[in-house]
Amino acid sequence: MNMLYRAIVISLAALALAGLSGCQSVGVLSEVGAGVAQVTGVVTPQQAESIKRAGTAVGKTFADITPEQEYYIGRTVGATVLNRYKPLNNESANHYLNVLGQTLAQFSDRPETFGGYHFLIMETEEVNAFAAPGGLIFVSRGMLRCCRSEDALAAVLAHEIAHAACQHGLRAIKKGRLTSALTILAAESAKSLGGQYLAQLTEAFEGSISDITATMMNSGYAREFERQADQAAVTILERAGYDPQGLTAVLTEMQKHLKPDGAGFAKTHPSPGSRIADVAKFVGPVRPVTSPAVRQARFQAALGKL
């Protein structure tokens with residue numbers, strides 16, 4: 001292994017083992033690693049300086065993202081989603097979705113975001129839903145057709161609200177940037193990371209929103225995040241007075257329509273069957289959803305023709 005690359009990897013490994021985070025921690029480690037390497041003759045003074053600069057760039061991966069930055073990241077991600085999926089031209093249906101979604105958001109652990117929660121129906125038969133950073137939530141027409149009641153729809157929205165509240169999108173962004181940076185470090189391990197290469201490394205951490213969105217839509221969140229979103233969704237539903245069995249109901253309906261190797265939800269989420277088993281731990285055995293007549297009438301009036 002190239003000595004420069006080894007020094008960088010040692011610094012990163014030390015960071016991971018120490019459980020540290022933040023630009024300052026990474027910078028300190030890179031300076032210590034560079035100093036030790038220089039004193040022991042592993043690298044030249046010029047290479048040691050490169051390690052320090054690379055450490056500063058790596059630190060950007062762990063920088064806190066402000067609510068305002070999250071909002072603008074989310075807007076850009078949302079624009080990319082709408083570049084692939086056309087929004088449904090149905091004002092009353094989208095209004096209903098927003099009233100329901102924004103009501104549910106008030107019962108989440110993060111009832112407010114910088115730009116507020118917003119919900120939109122995508123004109124596609126693909127069964128899917130997305131939560132962009134900052135609270136921009138998209139639900140497909142195909143997903144709506146898997147919802148037989150307002151309680152089931154509330155469960156879908158609560159799940160996506162939970163992703164936004166837990167900032168799962170931002171976590172994915174940071175992971176993607178780190179992966180890109182380490183790729184450059186490996187590719188340029190035989191060279192001193194100065195000038196052009198440091199610029200490329202820094203740019204990698206800035207990330208490509210289109211690549212981030214592709215990851216969100218094509219590979220999905222980790223199983224742990226999906227389980228966390230389901231558990232938080234159940235909490236939101238209970239707080240808002242909805243039947244948490246609505247989540248089981250929509251998963252059961254989705255199981256009838258999804259193809260294991262298909263696109264959309266089947267590709268980006270764990271199987272409905274496995275999620276039903278997990279949800280049962282929170283809400284008990286599967287039973288019919290209890291939904292007031294007025295609620296069901298409202299749901300049918302808004303979405304029955306979709």
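Counting only residues that are buried (at least 22 other Cβ atoms within 10 Å of the Cβ) and charged (D, E, K, R), the stretch 119-161 holds 3 of them.
Elements of the type strands (runs of 3 or more DSSP E) sitting completely within the stretch 91-140 and holding at least 1 residues that are touching a residue at least 12 places away in the same chain (Cβ under 8 Å), under 21 Å from Gly241 (Cα atoms) and among the basic types (Lys, Arg): there are none. Only a single criterion out of (1) closer than 23 Å to Gly241 by Cα; (2) among the acidic types (Asp, Glu); (3) not in a helix (DSSP H, G or I) is not satisfied by Asp151, namely (3).
Which residue out of Ala105, Ala93, Ala79 is closer than 15 Å to Ser140 by Cα and of a type in the set (A, V, I, L, M, F, W, C)? Step by step, each of Ala105, Ala93, Ala79 is checked, and only Ala93 is closer than 15 Å to Ser140 by Cα and of a type in the set (A, V, I, L, M, F, W, C).
Take Ala190 and tell me if it is in a helix (DSSP H, G or I), modelled with pLDDT under 85, not assigned by TED's automatic domain parsing to the domain that holds Gln296 and not hydroxyl-bearing (Ser, Thr, Tyr).
Numbers: in a helix (DSSP H, G or I): no; modelled with pLDDT under 85: yes; not assigned by TED's automatic domain parsing to the domain that holds Gln296: yes; not hydroxyl-bearing (Ser, Thr, Tyr): yes.
Spelling it out, it is not the case that Ala190 is in a helix (DSSP H, G or I), modelled with pLDDT under 85, not assigned by TED's automatic domain parsing to the domain that holds Gln296 and not hydroxyl-bearing (Ser, Thr, Tyr).
Might you check whether a residue that is basic (Lys, Arg) and touching a Gly at 6+ places or on another chain (Cβ under 9 Å) occurs anywhere in the stretch 83-102? No; the residues of the stretch 83-102 include none that is basic (Lys, Arg) and touching a Gly at 6+ places or on another chain (Cβ under 9 Å).
The values are calculated or read from the model by the stated rules, or taken from the named source; none is laboratory data. Bear in mind the structure is a predicted one, so any value in this text is a computation, not a measurement. Please note: Cβ atoms are built from the backbone with ideal geometry, for glycine as well, and neighbour counts cover all protein chains shown.
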